[in-house]
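Written out below as structure tokens is the structure these notes cover.
The values are calculated or read from the model by the stated rules, or taken from the named source; none is laboratory data. Fair warning: this is a prediction, and the values are worked out from it, not measured in the lab. Ideal geometry is used to build each Cβ from the backbone, glycine not excepted, and the neighbour counts take in all protein chains shown. Only protein heavy atoms, including side chains, enter the accessible area calculation; ligands, DNA and RNA are left aside. Shrake-Rupley method; radii C 1.70, N 1.55, O 1.52, S 1.80 Å.
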Amino acid sequence: MSRITVETTVHAPLATVWQAYTTPADILAWNAASDDWHTTRASVDLRPGGAFCSRMEARDGSFGFDFEGTYTRVVPEQLIEYDFGDRQARVEFTDGAEGVHVRVSFDAEQTHSIEQQREGWQAILDRFKAHAEAKA
């Protein structure tokens, strides 16, 4: 299975970045790859064995799906690992002089091309960056 990585540097304090990534109300604000999609509900039980779910829907109501899984490892303000279906992902938060570097790596799926998946996840991460910086 291929692994894809997307990353960004967020110019905000680490605590702000972590909260924006892990709080349901914040997730509703940034979790979409484009303006014609949105997240209508989100739940987070941020602990190993805890579940998460984000309901992503097309704004025109034509399609929607639940992005859900189980956290396998959580190190506050440093690392989140989770399983979703038969795939895994890792989110790393590294505080540095330029801001907080956020790196997301995940197992690719077979339906969409590697490039489509990378572009979609990067677009979501870019929206996250803008949201977290606006909170700082």
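Identify the residue in region 126-136 that is more than 12 Å from the chain's Cα centre (by Cα) and in contact (Cβ under 8 Å) with a residue 12 or more places away in the chain and, among all such residues, is most open to solvent (accessible area, probe 1.4 Å).
The residue in question is Lys135.
Conditions tested, residue by residue: (1) among the charged types (D, E, K, R); (2) part of a strand (DSSP E or B).
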position	(1), (2)
Leu46	no, no
Phe65	no, yes
Glu77	yes, no
Gln88	no, yes
Glu115	yes, no
Trp121	no, no
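Taking Asp60 as the residue in question, decide whether it is more than 20 Å from His112 (Cα to Cα) and either modelled with pLDDT of 95 or more or of a type in the set (Ser, Thr, Tyr) (or both).
Criteria met by Asp60.
Take the residues in region 93-113 that are outside any strand (DSSP E or B) and either touching a Pro at 6+ places or on another chain (Cβ under 6 Å) or of a type outside the set (Val, Ile, Thr) (or both), then tell me which one is most open to solvent (accessible area, probe 1.4 Å).
Across region 93-113, the extreme among qualifying residues is Gln110.
Report the residue count in region 33-92 for those that are touching a residue at least 40 places away in the same chain (Cβ under 8 Å) and open to solvent by less than 30 Å² (accessible area, probe 1.4 Å).
2
I need every pair where a residue in region 108-125 that is under 15 Å from Ala89 (Cα atoms) has its Cβ under 9 Å from the Cβ of a residue that is open to solvent by 30 Å² or more (accessible area, probe 1.4 Å) and part of a helix (DSSP H, G or I), sequence separation at least 6 or different chains.
From residues that are under 15 Å from Ala89 (Cα atoms), the pairs are Ala108/Ile114; Ala108/Arg118.
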